[in-house]
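Q: Dropping the structure in here first, questions after.
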Amino acid sequence: MTAGSGERRVVTLGRAMAAAFAVGSVGFVLGPFPGYIDLVGPQADAITFFVASLFFTAGGTLQTVLAARGRDEPGAGRAAWWAATVQWVGTLSFNVTTFRALLVTLDDPLYDRLVWRPDAVGSVCFLVSGVIAYRASARHGLLPARQGRGWWQPGVNLLGCILFGIAAVAGYVVPGTGSMLDLAAANWTTAAGAVCFLACAVAGLLPRAGTATDQAEPGRAQHRP
């Protein structure tokens, strides 16, 4: 494989990764809205979440493949590898929780164990991944350094991970009640977190100046939920 074809492959994979994350994010934006569930019904709403989680996993898999090239490089390369890998595990947890949500109702006494726990695991993985990526990004202290076109992406991505974590806590079903701690908070933080991921994914689909490697270099512009 020539250097040129290798760079084109990286760009293609990077665009496919961003597209997968974008589609998955749209699903997690739509799913929590009461108007959407009223329109399509609870079962179709649950299917929306499950399909969206599969797109997250597809994007996470591609990101892990891209980041693998730099896993032995100290600094941003190794951080991108760990962030992508931990995030990928989180997407698998979301696959489990959204699939089980198709079959288990809120008033089921096993709901927290079968549905909520994988969701909590996935949210923790996303948060750890977001922290790794943000720590490896260019910063002035705790604030992002406004250098380069995608300087804002690690921070927005981390915000999305934090919002998903809040959604997981709010989505805990109190035993014996069949009710979440705060359904409204779980819904709006899920949607808001997905909007953050969508913004990062769309940015990854936009043409960038520079070489093909610059366009899809893992660790430079993280596109993840």
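The values are calculated or read from the model by the stated rules, or taken from the named source; none is laboratory data. On a predicted model such as this, the values are computed, not experimentally measured, just so you know. In this analysis, Cβ positions are derived from the backbone assuming ideal geometry, glycine residues included, and neighbour counts consider all displayed protein chains. Just so you know, the surface numbers come from the protein's heavy atoms only, side chains and all, with ligands and any DNA or RNA stripped out. Shrake-Rupley method; radii C 1.70, N 1.55, O 1.52, S 1.80 Å.
Q: Based on this model, can you work out whether A133 counts as touching a residue at least 24 places away in the same chain (Cβ under 8 Å), over 30 Å from P207 (Cα atoms) and of a type in the set (G, A, S)?
A: no
Q: Can I ask one more? Starting from the range 6-17, keep only residues that are touching a residue at least 60 places away in the same chain (Cβ under 8 Å) and closer than 14 Å to G59 by Cα, then list their pairs with residues that are of a type in the set (D, E, K, R) and open to solvent by less than 30 Å² (accessible area, probe 1.4 Å) whose Cβ atoms are within a distance under 9 Å, requiring at least 6 positions of separation or different chains.
A: Partner pairs satisfying both residue conditions: M17/R224.
Q: Quick check on V65: is it open to solvent by 60 Å² or more (accessible area, probe 1.4 Å), β-branched (V, I, T), part of a helix (DSSP H, G or I) and in contact (Cβ under 8 Å) with a residue 12 or more places away in the chain?
A: yes
Q: Can you tell me which condition G14 does not meet? The list is (1) at pLDDT below 95; (2) open to solvent by 60 Å² or more (accessible area, probe 1.4 Å); (3) closer than 30 Å to T189 by Cβ, and all the others hold.
A: Among (1) at pLDDT below 95; (2) open to solvent by 60 Å² or more (accessible area, probe 1.4 Å); (3) closer than 30 Å to T189 by Cβ, the lone unmet condition for G14 is (2).
Q: Looking only at the range 68-82, how many residues end up being at negative phi and not in a helix (DSSP H, G or I)?
A: Summing the residues that are at negative phi and not in a helix (DSSP H, G or I) in the range 68-82 gives 4.
Q: Tally up the residues in the range 68-90 that are surrounded by 23 or more Cβ atoms within 10 Å (Cβ to Cβ) and small (G, A, S), please.
A: 5
Q: Oh, and also: Within the range 97-110, count every residue that is open to solvent by less than 60 Å² (accessible area, probe 1.4 Å) and within 19 Å of T190 (Cα to Cα).
A: Qualifying residue count for the region: 4.
Q: From G155, G219, grab the single residue that is modelled with pLDDT under 95, farther than 19 Å from L92 by Cα, open to solvent by 20 Å² or more (accessible area, probe 1.4 Å) and within 16 Å of the chain's Cα centre (by Cα).
A: G219
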